[in-house]
Amino acid sequence: MAARRGVWSFAIAAVVLAAAFVATYVFFVRTYVGQIVDERAFVGASSQHDLVYRLTGMVLGNVPTVAIGGGVLLTLVIGLVTRRFRHLLVALATGGIAVIAAELAKHVFLERAATGATDLLGNSFPSGHATVAAAAAFAIFVVCPPRWRPLAAVLGGAFAVLTGVLLVIQQWHRPSDVVAAFMLVAACGCIGGIALLLWRVPEAVPPARTLPALWWIAGASAVASGIAFVIIFITVQNHGSHLQIAYAGGGAAILAVGSALAAAGNALFRRIS
């Protein structure tokens, strides 16, 4: 009965995340107002100091290597040492599916509408780099024993959020691209959770600790992002205005979603051994 409730929890979460992904795409990629909000955050990030810009470029250039190479290696080491072979298979499969889905969505299925909000019409939604970072974090999280998962959730979430903010600073992606990547990985992670439950993985005794601090961070960041969104929304016709507010709001949105998904993921997986 407990396993059945767990399956339903993961299934509902996956549906909610999929709906949120679609809503994010429709608003920020297909509508004029959404593109303006996203574009102002994107342009506002360009005013960062040259040193910051150079450093972020160096860091982002190594994200695929660190996330794919280091993430896969660490996942394999933890999975093999702890003999959690089912977790290892689910972790690698889930990460791979998320990355493939992101690339297909960006290059095959989704298009950026020509609304007149910007001349940059190439679709960048969702971010491949953010997907890789979040997928690597999730893979390590899954193979960790329950007592270490809260720490893995915090560190992995921080790595993904930092990558996302740097992507905006470096002008590689808009905030919605990053947020959507997190949602995509989380939805795939829910499917991975269902797979573990159907595979009859034992229940964790005791369950993993919860992460209330992450919920507070997510809530405060969401409020800050919401205020910035309202300011940009009501001044949508004032082109080029409030760029720094938009940039701060976009960064806050990335932090809010990343923190909330890390906390929620830890809560959903806390009873899976």
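The values are calculated or read from the model by the stated rules, or taken from the named source; none is laboratory data. Quick caveat: nothing in here was measured; it's all calculated off a predicted structure. Virtual Cβ from ideal backbone geometry, glycine too; neighbours counted across all protein chains shown.
Some points to look at:
- Flag for V205 being in contact (Cβ under 8 Å) with a residue 24 or more places away in the chain, among the β-branched types (V, I, T) and closer than 19 Å to I245 by Cα: no
- A single member of L104, L73, L88, L110 is loosely packed, with under 15 Cβ neighbours inside 10 Å, at pLDDT 90 or above, at negative phi and aliphatic (A, V, I, L, M), and it is L104.
- Subset of region 217-237 that is more than 14 Å from A41 (Cα to Cα) and modelled with pLDDT under 95 - its residue that is surrounded by the most Cβ atoms within 10 Å (Cβ to Cβ): I234
- Residue, surrounded by the fewest Cβ atoms within 10 Å (Cβ to Cβ), within region 125-160, restricted to residues that are of a type in the set (V, I, T) and out of contact with any Ser or Thr (no Cβ under 6 Å at 6 or more places or on another chain): V154
- Within region 94-127, the set of residues being in contact (Cβ under 8 Å) with a residue 60 or more places away in the chain and among the β-branched types (V, I, T) comprises T94, I97, T115, T118.
- The one condition in (1) under 19 Å from the mean Cα position of the chain (by Cα); (2) modelled with pLDDT of 90 or more that N123 fails to fulfil: (2)
- Matching option when the condition is of a type in the set (K, R) and modelled with pLDDT under 90, among R30, R40: R40
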